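A.B. asks: Before I ask anything, let me first share the structure, which is written out below as structure tokens.
The values are calculated or read from the model by the stated rules, or taken from the named source; none is laboratory data. As the structure is a computational prediction, the values presented were derived from the model and not from experiment. Positions of Cβ are generated from backbone atoms using ideal geometry, with glycine treated the same way; all protein chains shown enter the neighbour counts. When the accessible area is computed, the model is the full protein with side chains, heavy atoms only, and any ligands, DNA or RNA have been set aside. Shrake-Rupley method; radii C 1.70, N 1.55, O 1.52, S 1.80 Å.
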Amino acid sequence: MALIENKLAPQALSILDLFAMKQADEKISCLTAYDASFSLLVDQAGIDIILVGDSLGMVVQGKATTVPVSIDEMVYHSRCVTHVRKRAFVISDLPFLSYSSIDLALINAAKLMQQGGAQMVKLEGAHASIIESLVNFGVPVCGHLGLLPQSINQLGKYKIQGKNDQDAEKIMDDAKQIEQAGASLLVLECVPSGLAAKISKQLKIPVIGIGAGLACDGQVLVLYDMLGISLGERPKFSKNFMETATDIAGAISQFHQSVKQSEFPTFDHSYS
Ligand code: KIV
């Protein structure tokens, strides 16, 4: 019997497309978005992944950290984004303490996927048993290691992680554990380029860097940082693409091309 073409199937990229990009050495581009208008612009520029990040607490809501963001807010912004995008794969953040037990993680992942339309959820830290449970129930998971913004009240300030051998080893071990637990993707934030390169090479799953150097399988930036409209100081690892573009669509397109051609991040946007 001939395969029936599913006319209702969405045109969005799948996790298989992202794996194929890693295997083909094609860099993966990723930007955050939190609303329909930016979602459309980012999608139309060809960005591979839209991350509905809990960074929305800082750049949209004007809060000092991501800690106050609620699951209902994440669902609302996820829905705004997924409602209009056509091609980009969409990941939504599980916010602070919304995955502190297996039951909570399952309930909140269901909200992000069923109400928000997310294709994958992201959670911070090496929580192997939580990841395993989500994956067992069919929830694709993106891990997040290195700088963990939800732990800012423990860290004291946003700073590079994994600088000494012991910390670097721990991040490497955690990355392997997250992959073993069944995660399909890993975000590495603010770690030395050399460490990120080793992790990207050793893991089979795509590793998306932010302040983690050029050797990662893909790059993510907070949209408002790369458009130069963030409220605070732009981090060293980000770049204002509006400085060389005539409009927002052009800036997003420049970011996409720079990632695909391995021209971003440069040495200046990386840590050693
Ligand atoms: O919330 C977010 O935007 C993120 C990125 C910094 C990776 O998690």
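A.B. asks: Output yes when any residue across region 194-207 is within 13 Å of the ligand (Cβ to nearest atom) and modelled with pLDDT of 95 or more, and no when none is. Full working, then the answer.
C.D. replies: Within region 194-207, the first condition is being within 13 Å of the ligand (Cβ to nearest atom), and the residues that meet it are 207.
Adding the requirement that they be modelled with pLDDT of 95 or more leaves 207.
Scanning region 194-207, I find at least one residue that is within 13 Å of the ligand (Cβ to nearest atom) and modelled with pLDDT of 95 or more, so the answer is yes.
A.B. asks: List every residue pair whose Cβ atoms sit under 7 Å apart, with the two residues 6 or more apart in sequence or on different chains, where the first one lies in region 202-221 and is touching a residue at least 12 places away in the same chain (Cβ under 8 Å) and the second, anywhere, is within 12 Å of the ligand (Cβ to nearest atom) and of a type in the set (Phe, Trp, Tyr).
C.D. replies: If the second residue must be within 12 Å of the ligand (Cβ to nearest atom) and of a type in the set (Phe, Trp, Tyr), the pairs left are 210/237; 211/237.
A.B. asks: Being among the β-branched types (Val, Ile, Thr) and closer than 14 Å to residue 122 by Cα is true for just one of 81, 90. Which residue is that? Let's see the steps before the verdict.
C.D. replies: Numbers: 81 fails: closer than 14 Å to residue 122 by Cα.
Of 81, 90, the one residue that is among the β-branched types (Val, Ile, Thr) and closer than 14 Å to residue 122 by Cα is 90.
A.B. asks: Answer yes if at least one residue in region 144-163 is modelled with pLDDT of 95 or more, farther than 23 Å from residue 96 by Cβ, polar (S, T, N, Q) and more than 18 Å from the chain's Cα centre (by Cα), and no otherwise.
C.D. replies: Checked region 144-163: no residue is modelled with pLDDT of 95 or more, farther than 23 Å from residue 96 by Cβ, polar (S, T, N, Q) and more than 18 Å from the chain's Cα centre (by Cα).
A.B. asks: Another one. Could you say whether any residue in region 151-158 is within 14 Å of the ligand (Cβ to nearest atom), in a loop (DSSP other than H, G, I, E, B) and either aromatic (Phe, Trp, Tyr) or out of contact with any strand residue (DSSP E or B) (no Cβ under 7 Å at 6 or more places or on another chain) (or both)? Give the steps one after another, and end with the answer.
C.D. replies: Let us first name the residues in region 151-158 that are within 14 Å of the ligand (Cβ to nearest atom), namely 151-152, 158.
Still in the running and in a loop (DSSP other than H, G, I, E, B): 158.
From what is left, the residues that are either aromatic (Phe, Trp, Tyr) or out of contact with any strand residue (DSSP E or B) (no Cβ under 7 Å at 6 or more places or on another chain) (or both) are 158.
The answer is yes; a qualifying residue exists.
A.B. asks: Looking at (1) more than 14 Å from the ligand (Cβ to nearest atom); (2) open to solvent by less than 10 Å² (accessible area, probe 1.4 Å), which is the only condition residue 34 fails?
C.D. replies: For residue 34, the exception is condition (1).
A.B. asks: Report those helices (runs of 4 or more DSSP H) wholly inside region 47-112 carrying at least 1 residues which are within 15 Å of the ligand (Cβ to nearest atom) and open to solvent by 30 Å² or more (accessible area, probe 1.4 Å). Steps first, answer last, please.
C.D. replies: Working: elements: 56-59, 71-82, 102-110.
Counting at least 1 such residues, we get 56-59, 71-82.
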